[in-house]
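These notes are about the structure you will find just below.
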Amino acid sequence: TKAVNDFFSARLREGRITEQAQGVQLLHKDWVLGALPKLDAELANAPEARALLRQRFGVALRDLGEQEKALSTLTLAVQESTAAFGDSIETANALAELASIQRDSAIEAAHSSIDQAISMFDRLPINDSVRAERISARTTLLRIQTIQGDYAGALETAMRNITERGELFGADSPRLAVDYSNLSALLLRTGQL
């Protein structure tokens, strides 16, 4: 925690200095791209913090439209998480995030990554966090299955998500809306109006 806090404090100070020097507002993308190369040097002795931050930066880069940089960052985040945490919620999440970026350019690799993530979630001791993250990973799997035309597999995945999210949050929880929406889209796509 201290390593993460120190890293972000330093980056925020740099952002204010850069902003003042340029006389303009520092863009989020500029900040992420400027901070990313500093992970290795400044967090050399904090591999867990480095792995977690690299994953967060990879997600930020994806959200900022930097797909290639996000892919390389998340690939390295998976390697670092595996080394730092082994089979863990952190590594499974890194794999799931990698799959979400691979989905647009390498669907088979995405399917492999998300299968690894779900398998890892299944091996972890079950708690509410693991269950919630596994549901999220299955939603990524459902999208991959749909892209690949595996509607039977996607329907099964959608039903598993409805069942598990219902057990986790209650059958009447509004959190199930996304799962019912996914299920209805699949039923419509398979001619089950």
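The values are calculated or read from the model by the stated rules, or taken from the named source; none is laboratory data. Fair warning: this is a prediction, and the values are worked out from it, not measured in the lab. These area figures cover heavy atoms from the full protein model, side chains too; ligands, DNA and RNA do not enter into them. Shrake-Rupley method; radii C 1.70, N 1.55, O 1.52, S 1.80 Å.
For segment 113-193, take the alpha-carbon Rg, divide it by the Kirkwood Rh, and send me Rg/Rh. Each step should come with its number before you reach the end.
Details: Rg = 12.6 Å, Rh = 12.9 Å.
Across segment 113-193, the Cα-based Rg/Rh ratio is 0.98.
Could you work out the helix-only [θ] at 222 nm for the chain, with each DSSP H run of four or more residues adding -39,500 (n - 2.57) and the total divided by the number of residues, to the nearest 500 deg cm²/dmol?
Details: 10 runs with 153 residues, N = 193.
Calculated mean residue ellipticity at 222 nm is -26000 deg cm²/dmol.
Determine the share of the chain's accessible area contributed by carbon and sulfur atoms, expressed in whole percent, with a 1.4 angstrom probe.
Values: 5350 of 10240 Å².
Exposed carbon and sulfur together represent 52 percent of the surface.
How are the alpha carbon pair distances in the chain distributed across 10 Å bins from zero to the largest one, expressed in percent?
Reading upward from the zero bin: 9, 30, 31, 20, 9, 2, 0.
Expressed as a fraction of 2.2 N^0.38 Å, the rule-of-thumb size for a compact globular protein of N residues, what is the C-alpha radius of gyration of segment 58-117?
Values: Rg = 10.6 Å, N = 60, 2.2 N^0.38 = 10.4 Å.
Normalised by 2.2 N^0.38 Å, the Cα Rg of segment 58-117 equals 1.01.
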